[in-house]
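Enquirer: I'd like to ask some things about the structure below.
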Amino acid sequence: MPAKSLEQVRNLCMRRGFVFPGSAAYGGVASFWDYGPLGVELLNNVKKAWWQDAVYARDDMDGLDAAVLMSRKVWQHSGHEATFNDPLVDNKKTKKRYRLDHLLEAQTHEVRAALYEATGSEDVVGLVHALMGQPGNAPMQLHSAQVIDPANGEQGDWTEPRQFNLMFQSHVGPVSAAQGTDEEKAARVYLRPETAQGIFMNFAHVQRSLARKVPFGIAQIGKAFRNEITPGNFIFRTREFEQMEIEFFIKPPQFVAEGEKNDEQWHEEWVQQRYRWWLRYATPPSAGNVEMEETESRFRKRAQAADELAHYAKATTDIEYLFPGALGWGEIEGVANRTDFDLSAHSKDVPEEDLKRLKLEVNKDSNEKFDYFDPDAKARYIPWVIEPSAGATRALLTFLCEAYHEELVKEPTKQEIDQIRSDAAMIRKNAEKKVKEARKDIEAGKEPKHQPDKVEAFLAQLEDVVARLPASLDEVLLALDHEGAQNLEPVKKFRPPTEKFMEDCTRTVLRLHPALAPIKLAVFPLKKNKPEIVELAKSIKQKFQKHFRTVYDDSAGIGRLYRRQDEIGTPYCITVDFESLEDGTVTVRERDTMAQERVAIDDLHDYLLPRLEL
RNA sequence: GCGGGUGUAGCUCAGUGGUAGAGCAUCACGUUGCCAACGUGAUGGUCGUGGGUUCGAGUCCCAUCACCCGCUCCA
């Protein structure tokens, strides 16, 4: 079974050096994370596996690394400056949040009329402008016009509308001018909210310099930045993240010849290719058929509904992963059919009918027309584009969650199981008393110490877990993390011995695909105060560290050394013992099966390389 | 941004106004012959931060920051 909660993965990440909170010494800063020694290895391996599949394995793909900062005009014509910039307003009563323009449009004619009169504006756009233009007044005006919350049909208690510009701003060169002045705007740049636009800017460069024929694609891996309104879920949604994006340029439908793939078929092909990639790297070689099916059941393809589609897309299929706990299904990649929207948006001299079809304005800023002469079709056109866009940092989280296993390695005795049962019974008895007290307090109008519903929900979960013992052993501690378990005395008493017990009889193992594993090989001496063994072990480590990440460790007993490597997903460990000194063989131990095999030191390279799938 | 929760040693947590603790981890010495061994000793905390109440605050109050759980985002 993979991780049961994001918390488990978070803990492991921070303890073992995958991910650390950013700027921690200063109390941290929301939504920014640093990748530690193991995290950077894993992330690099994820990117390498993607590049391998997206670029090297194909005849029709090339790489690119465009600048993070681009002309502000890129974002004006791509549509981001307009659509990534929404004034939002909250209803304090219902906790609902609305885009101000959407909220206003949902009001009755009378309500809007009152607002028009109060602000002297004539339409919703003007109204939004007016409300944003007078800080402090808006809540009062929304109140006196009796603006309704569509969620419940009642008048809302509205906050100040706030601007959420999803793009981070900076300036090129020294600027002292105030925000919004011409001087400031002229120097303004945005940190890219997607890497895609850098590819579009280079479509013609790549096509010409490599004499590429459509269909062909460009791949890019890089950081992107979005000032998200609601970051969270560890590294799932962060304000700085890394994307792995492909723009695959194809013929527009009207030029597709008999027997060639059209845009919908190319879209489908990329969905399939990308989906297979996710499954391949989510599955370790040790997985059997049952396990492979289980893994597959946690990945799905989902076509976006028409109202979900972004302004540029004709169709988008998301690839989603079932993350543990509350996060649930989350998007890890979107494969979009962006038509000729982007290249047209950045082109001059686009025919009027195309502008109309794409809902674009004439581009007077661009010096370029991103079109292409197709020698087969004998026609000049602006290509369509299929965009498979994956999150590299989300991929890291996905593979960690899927690889995380807590395995039972020592069968607990009946006595130990009974102990847990009786402890749980004690917790139940005490908690039921607390529930009664809380109910009494509520009746008497007093503030209860516990929330009866939550405590009962906790008890139900605990009972379920206990009933399924010993199979559910790994869920016992999770149950104790339940909201309703807070401040229950017996729970606090119960936790430490249970934690200790769990540690004794389980091992944590990251069953990562070997190509992703941050460390490929660990070498141990069986006995660290025998100099010959230590020396031999170190020399083996030195031999392999030139080829892939290899570590040496002698700081604990052999069992503990194995466990430490299991926890970070190292696929193979080598132990040098007394026999090694005599016959030149060592023990190779595999991570998932814990199987051991005797291999001659001279054969190690040939033994390991195919197994590591490098 | 709003509501709820949390913040004490590197990690997991205990500590309900009166001398800051445990387990694990780390380091040293001894022991240890293949799956989280053991003994002895040591290091490590201005209790998230800043104010306040008090003779006295980890504990009570206020503010602030971060994280977790929930609300139109989307890699």
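The values are calculated or read from the model by the stated rules, or taken from the named source; none is laboratory data. Since this is a predicted model, take the numbers as computed values, not measurements. Virtual Cβ from ideal backbone geometry, glycine too; neighbours counted across all protein chains shown. Only protein heavy atoms, including side chains, enter the accessible area calculation; ligands, DNA and RNA are left aside. Shrake-Rupley method; radii C 1.70, N 1.55, O 1.52, S 1.80 Å.
Enquirer: Collect the residues in segment A:6-42 that are in a loop (DSSP other than H, G, I, E, B), of a type outside the set (A, V, I, L, M) and surrounded by fewer than 18 Cβ atoms within 10 Å (Cβ to Cβ), keeping them in residue-number order. I'd like the intermediate steps shown before the answer.
Expert: Residues of segment A:6-42 in a loop (DSSP other than H, G, I, E, B): A:17-18, A:22-23, A:27-32, A:36.
Retained after the next criterion (residues that are of a type outside the set (A, V, I, L, M)): A:17-18, A:22-23, A:27-28, A:31-32, A:36.
Listed by number, the residues that qualify are A:Gly17, A:Gly22, A:Ser23, A:Gly27, A:Gly28, A:Phe32, A:Gly36.
Enquirer: If you don't mind, another one. Would you call A:Ala66 in a loop (DSSP other than H, G, I, E, B) and buried (at least 20 other Cβ atoms within 10 Å of the Cβ)? Lay out the reasoning, then the answer.
Expert: On the way: in a loop (DSSP other than H, G, I, E, B): yes; buried (at least 20 other Cβ atoms within 10 Å of the Cβ): no.
For A:Ala66, the condition - in a loop (DSSP other than H, G, I, E, B) and buried (at least 20 other Cβ atoms within 10 Å of the Cβ) - is not met.
Enquirer: Got a sec? Which of A:Ile574, A:Ile568 is buried (at least 20 other Cβ atoms within 10 Å of the Cβ), within 9 Å of RNA strand B (Cβ to nearest atom) and within 30 Å of A:Thr398 (Cα to Cα)? Break it down into steps so the answer makes sense when it comes.
Expert: On the way: A:Ile568 fails: within 9 Å of RNA strand B (Cβ to nearest atom).
It is A:Ile574.
Enquirer: Could I ask something else about it? Please find, within segment A:587-598, the residue that is farthest from the chain's Cα centre (by Cα) out of those that are in contact (Cβ under 8 Å) with a residue 24 or more places away in the chain and assigned to a strand (DSSP E or B).
Expert: For segment A:587-598, the residue satisfying everything is A:Arg589.
Enquirer: Then there's this: Would it be correct to say that A:Val290 is more than 29 Å from A:Pro21 (Cβ to Cβ) and surrounded by fewer than 16 Cβ atoms within 10 Å (Cβ to Cβ)? So that I can check it myself, show each step before the final result.
Expert: Details: more than 29 Å from A:Pro21 (Cβ to Cβ): yes; surrounded by fewer than 16 Cβ atoms within 10 Å (Cβ to Cβ): yes.
Yes, satisfied.
Enquirer: Let me ask you something else. Out of curiosity, is A:Trp75 part of a helix (DSSP H, G or I), in contact with a strand residue (DSSP E or B) (Cβ under 7 Å, 6 or more places away or on another chain) and not assigned by TED's automatic domain parsing to the domain that holds A:His311?
Expert: Values: part of a helix (DSSP H, G or I): yes; in contact with a strand residue (DSSP E or B) (Cβ under 7 Å, 6 or more places away or on another chain): yes; not assigned by TED's automatic domain parsing to the domain that holds A:His311: yes.
Answer is yes for this residue.
Enquirer: In segment A:305-329, what residues are assigned to a strand (DSSP E or B) and near RNA strand B (Cβ under 7 Å from one of its atoms)? Steps first, please.
Expert: At the first step, the residues of segment A:305-329 found to be assigned to a strand (DSSP E or B) are A:315-323, A:328-329.
Residue satisfying the conditions is A:Asp318 alone.
Enquirer: Looking at the structure I just gave you, is A:Thr585 within 11 Å of RNA strand B (Cβ to nearest atom), modelled with pLDDT of 95 or more and either farther than 30 Å from A:Trp51 by Cβ or surrounded by 20 or more Cβ atoms within 10 Å (Cβ to Cβ) (or both)? Let's see the steps before the verdict.
Expert: On the way: within 11 Å of RNA strand B (Cβ to nearest atom): yes; modelled with pLDDT of 95 or more: yes; either farther than 30 Å from A:Trp51 by Cβ or surrounded by 20 or more Cβ atoms within 10 Å (Cβ to Cβ) (or both): yes.
For A:Thr585, the condition - within 11 Å of RNA strand B (Cβ to nearest atom), modelled with pLDDT of 95 or more and either farther than 30 Å from A:Trp51 by Cβ or surrounded by 20 or more Cβ atoms within 10 Å (Cβ to Cβ) (or both) - is met.
Enquirer: Could you tell me whether segment A:24-39 includes any residue that is at positive phi and touching a helix residue (DSSP H, G or I) at 6+ places or on another chain (Cβ under 6 Å)?
Expert: Of all residues in segment A:24-39, those at positive phi come to A:27-28, A:31.
From what's left, touching a helix residue (DSSP H, G or I) at 6+ places or on another chain (Cβ under 6 Å): none.
So far as segment A:24-39 goes, no, none of its residues is at positive phi and touching a helix residue (DSSP H, G or I) at 6+ places or on another chain (Cβ under 6 Å).
Enquirer: I need the full set of residues from segment A:98-137 which are of a type in the set (Val, Ile, Thr), out of contact with any Lys or Arg (no Cβ under 8 Å at 6 or more places or on another chain) and in a helix (DSSP H, G or I), in order please.
Expert: Residues of segment A:98-137 that are of a type in the set (Val, Ile, Thr), as a first pass: A:108, A:111, A:119, A:124-125, A:128.
Going one step further and asking which of them are out of contact with any Lys or Arg (no Cβ under 8 Å at 6 or more places or on another chain), we end up with A:108, A:111, A:119, A:125, A:128.
Residues satisfying the conditions are A:Val111, A:Thr119, A:Val125, A:Val128.
Enquirer: Answer yes or no as to whether A:His102 is outside the structural domain of A:Glu269 (by TED's automatic domain parsing), open to solvent by 60 Å² or more (accessible area, probe 1.4 Å) and away from RNA strand B (no atom under 14 Å from the Cβ). Please lay out each step first, then the result.
Expert: Values: outside the structural domain of A:Glu269 (by TED's automatic domain parsing): yes; open to solvent by 60 Å² or more (accessible area, probe 1.4 Å): yes; away from RNA strand B (no atom under 14 Å from the Cβ): no.
No.
Enquirer: Given (1) in the same structural domain as A:Trp277 (by TED's automatic domain parsing); (2) loosely packed, with under 13 Cβ neighbours inside 10 Å, where does A:Lys433 come up short, assuming only one miss?
Expert: With (1) in the same structural domain as A:Trp277 (by TED's automatic domain parsing); (2) loosely packed, with under 13 Cβ neighbours inside 10 Å applied to A:Lys433, the lone miss is (1).
Enquirer: Let me ask another. What pairs come up if the first residue lies in segment A:552-579 and is touching a residue at least 24 places away in the same chain (Cβ under 8 Å) and farther than 17 Å from A:Pro284 by Cβ, the second is surrounded by fewer than 17 Cβ atoms within 10 Å (Cβ to Cβ) and β-branched (Val, Ile, Thr), and their beta carbons are under 6 Å apart, counting only those six or more places apart or on different chains?
Expert: Short answer, once both residue conditions are applied: none.
Enquirer: So which residues in segment A:299-323 are without any contact (Cβ under 8 Å) to a residue 40 or more places away in the chain, open to solvent by 60 Å² or more (accessible area, probe 1.4 Å) and touching a strand residue (DSSP E or B) at 6+ places or on another chain (Cβ under 8 Å), if there are any at all? Full working, then the answer.
Expert: So the first thing to find is which residues in segment A:299-323 are without any contact (Cβ under 8 Å) to a residue 40 or more places away in the chain, and the list is A:299-310, A:313, A:316, A:318, A:320, A:322.
Keeping just the survivors that are open to solvent by 60 Å² or more (accessible area, probe 1.4 Å) gives A:300-303, A:306-308, A:322.
A:Arg300, A:Lys301, A:Arg302, A:Ala303, A:Glu308, A:Leu322, listed by residue number.
Enquirer: Taking segment A:324-360 as the search range and keeping residues that are among the acidic types (Asp, Glu) and within 24 Å of A:Met244 (Cα to Cα), which one is most open to solvent (accessible area, probe 1.4 Å)? Explain how you work it out, then say what you get.
Expert: In the first step, residues of segment A:324-360 are kept if they are among the acidic types (Asp, Glu); the result is A:331, A:333, A:340, A:342, A:349, A:352-354.
Still in the list and also within 24 Å of A:Met244 (Cα to Cα): A:331, A:333, A:340, A:342.
Working: A:Glu331: 67, A:Glu333: 1, A:Asp340: 10, A:Asp342: 3 Å².
Among those that are among the acidic types (Asp, Glu) and within 24 Å of A:Met244 (Cα to Cα), it is A:Glu331.
Listed here are the residues, each with its yes/no results for (1) under 26 Å from A:Asp34 (Cα atoms); (2) within 16 Å of RNA strand B (Cβ to nearest atom).
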{"residue": "A:Gln169", "(1), (2)": "yes, no"}
{"residue": "A:Val175", "(1), (2)": "no, no"}
{"residue": "A:Thr181", "(1), (2)": "no, no"}
{"residue": "A:Glu184", "(1), (2)": "no, no"}
{"residue": "A:Arg192", "(1), (2)": "yes, yes"}
{"residue": "A:Phe216", "(1), (2)": "no, no"}
{"residue": "A:Gly222", "(1), (2)": "yes, yes"}
{"residue": "A:Ile250", "(1), (2)": "no, no"}
{"residue": "A:Ala257", "(1), (2)": "no, no"}
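Enquirer: Select from segment A:389-406 the residues that are outside any helix (DSSP H, G or I) and more than 9 Å from RNA strand B (Cβ to nearest atom) and write down the one among them that is surrounded by the fewest Cβ atoms within 10 Å (Cβ to Cβ).
Expert: Restricting attention to segment A:389-406, the residues satisfying the condition of being outside any helix (DSSP H, G or I) are A:389-391, A:404-406.
Subsequent filtering for residues that are more than 9 Å from RNA strand B (Cβ to nearest atom) retains A:404-405.
On the way: A:Tyr404: 23, A:His405: 18.
Only one residue fits best here, namely A:His405.
Enquirer: Do we find a residue being within 35 Å of the chain's Cα centre (by Cα), at positive phi and within 11 Å of RNA strand B (Cβ to nearest atom) anywhere in segment A:474-487? Walk me through it before giving the result.
Expert: Here is the first cut: in segment A:474-487, the ones within 35 Å of the chain's Cα centre (by Cα) are A:474-487.
From what is left, the residues that are at positive phi are A:487.
Narrowing further to those that are within 11 Å of RNA strand B (Cβ to nearest atom): A:487.
Yes: segment A:474-487 contains one or more residues that are within 35 Å of the chain's Cα centre (by Cα), at positive phi and within 11 Å of RNA strand B (Cβ to nearest atom).
Enquirer: Which condition number in (1) assigned to a loop (DSSP other than H, G, I, E, B); (2) more than 30 Å from A:Arg591 (Cα to Cα) is the one that A:Asp423 fails?
Expert: (1)
Enquirer: Further, regarding this structure: Out of all the residues in segment A:502-532, which are near RNA strand B (Cβ under 9 Å from one of its atoms) and of a type in the set (Val, Ile, Thr)?
Expert: Within segment A:502-532, A:Thr506, A:Thr508, A:Val509 meet the criteria.
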